[in-house]
Amino acid sequence: MELLYLGFYLPTNLVARHPQLNGAGQLWESRLLHNLHINSEIRTVSILDRKIQLEKSDHENPNHYFLQGKFSKDIQAPLSFSDLREKYIAWRKQGWKPECFFVYNSHPIGNAFVRFLAKNDPDIKRILFFLDSKYFGEEIGFFKRLRLRLKPFHWFDEAMIPYFHGIASASFSSKRFCDDRRIPWHWFPGGAQADDLLENVGSPNMDGIKQIGYFGSHSDYAGLRELIDAFKNNANLPLTLSIAGEGSQTKELQESTASDSRIQWVGFFNERRDLGQWASSCHVFVNPRPSGYGNENNFPSKVFDYMQLGRCILSSVTPTLKHAFGDSMIWYDAKHPQALSKALVDISEMSTTDLLRKGEVLREKYSQDYSWSGTVNNLKDWIRNL
């Protein structure tokens, strides 16, 4: 199978030079592409952050093409689409034609290229990896809709989905949307993958105060602020909170917690093995996604890392996570303001042995079912049958 992929993936050498850009999306895409490449030829097009400066050596792989952003996002889209179209035409003149085109999430450049393919190479299967959307399923007011529509190369999800032969989605909330339009839909949450993260995980202390662990983005949609507030609002909560990662809110949140000795900041880990070593001190991991921000339409990939680490997971309820893991996790409803605080109190009252046992059961029950190789093989089978 010959494949063309458009996304935000960075090759290893670029990630090494720009480690702060190696977030959850980068890890997700790299694992996806690695497994797609097995028994397939894949050519990759990457949309780069404007901060990244390419070196001559970055251009040596003929199967990897970069779209360098030089201007604002709205100005960049038409220019990058033009570059991509010309590169694709050159590949076609060389005799290469993909059987399938994948695009990572809905964005202006991808939307424009999908429309181009639909007109010029309609027999190529066009697949959207629909991972999240801020506006999906929401009623958008007239003026907001007008403002968004006036942006260059902007089409709403409902206008673009009919251009695809199939939607591979991490969220069950998108299934009804596709069913109503008779667009083939496939659940694709990604997967769990054992790596050097696991080789460095030890056992936490069995006595004393339990430690809650959080790693990931420090931004509104991730819910770190809500997690910190739940700690700050209960000065007697017998837990500690260890926070890894970074983001737009890091400095502000660090300053607001400077007087609370229960909250520790460990920074950004450049290496996966460092993350594994840090995780050894944690008894529970938390996924505190708040209500809104499109969180009902996504599947946070870090939950798989949490699961692989063999720790109990406390998570806000989203339809897809609940469907995937059922009663194996500890849940709270983020729509209720005090729900997270109550869940933390409940965890503080549970025995360390019971918490760690829940984590082991979670890993043993789901690691095999959600392996990257398994989910990608299922994806390829689904595409062949479209």
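The values are calculated or read from the model by the stated rules, or taken from the named source; none is laboratory data. Computed from a predicted structure; not experimentally measured. All Cβ positions, glycine included, derive from the backbone under ideal geometry; neighbour counts span all protein chains shown.
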Flag for residue 281 being within 23 Å of the chain's Cα centre (by Cα) and small (Gly, Ala, Ser): no
If we scan the stretch 101-118, do we find a residue that is touching a residue at least 40 places away in the same chain (Cβ under 8 Å), surrounded by 14 or more Cβ atoms within 10 Å (Cβ to Cβ) and in contact with a Ser or Thr (Cβ under 7 Å, 6 or more places away or on another chain)? yes
For the subset of the stretch 25-56 comprising residues that are among the polar types (S, T, N, Q) and within 24 Å of residue 272 (Cβ to Cβ), which member is surrounded by the fewest Cβ atoms within 10 Å (Cβ to Cβ)? 30
Can you list residue pairs whose Cβ atoms sit under 8 Å apart, with the first residue in the stretch 200-213 being on the phi < 0 side of the Ramachandran plot and surrounded by fewer than 16 Cβ atoms within 10 Å (Cβ to Cβ) and the second being assigned to a loop (DSSP other than H, G, I, E, B) and at pLDDT 85 or above? Count only pairs 6 or more apart in sequence or on different chains. 202/280; 203/280; 205/281; 209/238
Six or more apart or on different chains, Cβ under 8 Å: which pairs go from a residue in the stretch 220-243 that's of a type in the set (Ser, Thr, Tyr) to one that's assigned to a helix (DSSP H, G or I)? Could you list them? 221/295; 242/278
Residue 342 passes all but one of the listed conditions (1) more than 25 Å from the chain's Cα centre (by Cα); (2) within 15 Å of residue 212 (Cβ to Cβ); (3) touching a residue at least 24 places away in the same chain (Cβ under 8 Å); the exception is number (3)
Candidates 272, 182, filtered to the one that is more than 24 Å from residue 27 (Cα to Cα) and not aliphatic (A, V, I, L, M): 182
Residue 38, sole failed condition from (1) at pLDDT 85 or above; (2) in contact with a helix residue (DSSP H, G or I) (Cβ under 7 Å, 6 or more places away or on another chain): (2)
Which of the residues spanning the stretch 79-100 are over 27 Å from residue 31 (Cα atoms) and either among the hydroxyl-bearing types (Ser, Thr, Tyr) or surrounded by 15 or more Cβ atoms within 10 Å (Cβ to Cβ) (or both)? 79, 82
I need a count of the residues in the stretch 264-302 that are in contact with a Phe, Trp or Tyr (Cβ under 8 Å, 6 or more places away or on another chain) and within 19 Å of residue 343 (Cβ to Cβ). 8
Of everything in the stretch 51-67, what is under 27 Å from residue 190 (Cα atoms) and at pLDDT below 80? Give them in sequence order. 52
Among the candidates 326, 374, residue that is out of contact with any Leu (no Cβ under 7 Å at 6 or more places or on another chain), of a type in the set (Gly, Ala, Ser) and free of Cβ contacts under 8 Å to residues at least 24 places away in the same chain: 326
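Residues that are farther than 28 Å from residue 309 by Cβ and either crowded, with 19+ Cβ neighbours inside 10 Å or at pLDDT 85 or above (or both): does the stretch 136-149 have at least one?
yes
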Show the residue pairs that are 6+ apart or on different chains and have beta-carbon atoms under 9 Å apart, the first residue being within the stretch 31-50 and outside the structural domain of residue 272 (by TED's automatic domain parsing) and at positive phi, the second being part of a helix (DSSP H, G or I) and surrounded by fewer than 20 Cβ atoms within 10 Å (Cβ to Cβ). 39/380
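Rundown of residues vs (1) within 21 Å of residue 156 (Cα to Cα); (2) among the acidic types (Asp, Glu); (3) in a helix (DSSP H, G or I); (4) touching a strand residue (DSSP E or B) at 6+ places or on another chain (Cβ under 9 Å), yes/no style:
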| position | (1), (2), (3), (4) |
| --- | --- |
| 76 | yes, no, yes, yes |
| 80 | yes, no, yes, yes |
| 83 | no, yes, yes, yes |
| 106 | yes, no, no, yes |
| 116 | yes, no, yes, no |
Looking at (1) without any contact (Cβ under 8 Å) to a residue 12 or more places away in the chain; (2) of a type in the set (D, E, K, R); (3) in contact with a Cys (Cβ under 7 Å, 6 or more places away or on another chain), which is the only condition residue 357 fails? (3)
I want to confirm something. Restricting to the stretch 150-175 and keeping residues that are part of a helix (DSSP H, G or I) and in contact with a strand residue (DSSP E or B) (Cβ under 9 Å, 6 or more places away or on another chain), which single residue is modelled with the highest pLDDT? 163
